[in-house]
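The values are calculated or read from the model by the stated rules, or taken from the named source; none is laboratory data. A quick note: this is a predicted structure, and the numbers were derived from the prediction, not measured. Here the Cβ positions follow ideal geometry from the backbone for every residue, glycine too, while neighbour counts run over all protein chains shown.
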Amino acid sequence: MRHSHLAPWRWGGLSRQDAERPYETLRRDMESFQRNMDRLFEGLMGGRPIMLPEYWAAGEMAPRLDESEDDKAYHIDIELPGMDEKDIDVMLTDGLLTISGEKKAEEGEKDEHFHRRERAYGSFRRTLPIPGAVDEDKIKAVFHDGVLSIDLPKTKEAQTKVRHIEVKHG
């Protein structure tokens, strides 16, 4: 496949049949491109075909989180089901909050035959920028029912920097 066929301004050089249906030609070329990429990834993954989103879900842990803010603090809630607080590490360095940990696989019967394995095991690391100044001595992290809740209180200066501006009808 020639990649120049993917550019619409080059369609003028197509055959008469292709020029009458340029989108059909583009679709055919994109499918060919996808097949080539699939073959490339099959080679990289030891010959087994993969679908990337499924591979990421099964092999990597990327915990979901919620970030919020109020007048006094920033709040972060991270879902970490099946983990213990001793497996979690929280660090604040130069305005970056890093949460890392490891979910260990359960030891099971060696003779057990699985029909499906969707639960993810392994280590993770999430680094989040903190948008404002926080009082580092008052940061709290609490782990309860598989959710890590982190409260980052704003400094007094950061709390007073918020200024509401009246919006008038113009």
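At-a-glance table
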| read-out | value |
| --- | --- |
| Some residue of the range 138-146 being over 22 Å from Pro81 (Cα atoms) and either surrounded by 15 or more Cβ atoms within 10 Å (Cβ to Cβ) or in the same structural domain as Thr93 (by TED's automatic domain parsing) (or both) | yes |
| Residues located in the range 71-103, provided they are under 30 Å from Arg163 (Cα atoms) and not in a strand (DSSP E or B) | Asp71, Lys72, Asp94, Gly95 |
| Of the criteria (1) at pLDDT below 90; (2) over 18 Å from Gly146 (Cβ atoms); (3) surrounded by 12 or more Cβ atoms within 10 Å (Cβ to Cβ), which one His113 fails | (3) |
| Counted residues, the range 117-168 - those being of a type in the set (Phe, Trp, Tyr), touching a helix residue (DSSP H, G or I) at 6+ places or on another chain (Cβ under 8 Å) and in a loop (DSSP other than H, G, I, E, B) | 0 |
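One line per residue, one yes/no per condition, for (1) surrounded by 12 or more Cβ atoms within 10 Å (Cβ to Cβ); (2) outside the structural domain of Gly146 (by TED's automatic domain parsing); (3) at pLDDT below 90; (4) of a type outside the set (A, V, I, L, M, F, W, C):
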residue	(1), (2), (3), (4)
Asp77	yes, no, no, yes
Met83	yes, no, yes, no
Val90	yes, no, no, no
Asp94	no, no, yes, yes
Leu97	yes, no, no, no
Ser100	yes, no, no, yes
Lys104	yes, no, yes, yes
Glu109	no, no, yes, yes
